[in-house]
1. What is the Cα centroid distance between segment B:1-28 and segment A:100-157, reported in whole angstrom?
2. Can you give the charge dipole size of the protein assembly as shown about its Cα centre, rounded to the nearest 20 debye, using +1 on the beta carbon of Lys and Arg and -1 on the beta carbon of Asp and Glu?
3. If the chain between B:Glu67 and B:Arg24 were fully stretched, how many nm would it gain, using 0.36 nm times the residue separation less the Cα-Cα distance?
4. So, how do all the Cα-to-Cα distances of segment A:55-157 break down into 10 Å bins, in percent, from 0 on up?
5. Give me the distance in nm between label points sitting 7 Å out from Cα along the Cα-to-Cβ direction at B:Arg35 and A:Asp103, one decimal.
6. For A:Phe68, list long-range residues whose amide hydrogen, built 1.01 Å from N in the peptide plane, is under 5 Å from its own amide hydrogen.
7. Per the Kirkwood treatment, what hydrodynamic radius in Å, one decimal, follows for the protein assembly as shown from the mean inverse distance over all distinct Cα pairs?
8. So if I place +1 on the C-beta of Lys and Arg and -1 on the C-beta of Asp and Glu, and nothing else carries charge, what would the dipole magnitude of segment A:55-157 be about its Cα centre? I want it in debye, nearest 20.
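Laboratory data are not the source of any read-out in this text; all were calculated from the coordinates shown. Computed from a predicted structure; not experimentally measured. Neighbour counts are summed over all protein chains in view; Cβ atoms, including those assigned to glycine, are modelled from backbone coordinates with ideal geometry.
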Amino acid sequence: MGFSATEADDLSQEVFVTFLETLDRFEGRSSVSTWLFGILHHKVQERRRVVVRDQRADPIDEIFEASFDAHGSWTKPPIAADRLAASRQVSAALAECLDGLPDQQRAVFHFREVEGLSTAEVGELVGCTTNHVGVLFHRARTRLRGCLEGKGWGASR
Amino acid sequence: MKSCKDVSYQLSTGDLAHTSLVERIGVWLHLAMCRNCRAFSRQLGAMARAARGAASATEAEPRESFEREIVERLRQR
């Protein structure tokens, strides 16, 4: 999530302290991991003093639009990712690319892809509608594809 | 007939499961005929695998003193 090891350690302690302090409010309507991730997300936002905004426009949308012609066909066709390429090297490149994502997009991508949470669960965690979770997930993936392509992954024909 | 732009956007938002059957059939038909969108779909899958790989590479057991430090913080409040 873009923190140093010391900061990450401090944050994770804060998460468990808050979890134990608010345990009586946990009604079991979501899983413990969802509750913990919720606390983590709020702590990260607190720390970064990020004001959560329902960002309507994002320059990445124009990059996505530019990938298609007027009929909606690819102008720069993607190349199928080689299964073997999804190795340690790609993971390392992806980890670097993740650091360049806006906080909310990185959180949505992580919750959806790594933790396997549903759109509704992620919406609850980051405080936005399920539709907007989809938009943020799409923007995160578009940015990551661009970043990975810049590193030579799935280079276009 | 859906365009590549429509299909890639729907795949990218990760919300296909929550759309109508007609919508899903439209996407499946397009994917069956369009190798570019199939490649795009595989790229999304590869990114997901890479993300899980990156996450598991950084997973670690907490330090030995981690629990003690949490208890100490709780005491200080």
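1. 17
2. It comes to approximately 840 debye.
3. 10.7 nm
4. Values per bin, smallest distances first: 14, 41, 35, 9, 0.
5. 4.5
6. Sorted by chain and number, the residues that satisfy this are A:Thr75.
7. For the protein assembly as shown, inverting the mean 1/r across all distinct Cα pairs yields 19.3 Å.
8. Here segment A:55-157 has a charge dipole of around 340 debye.
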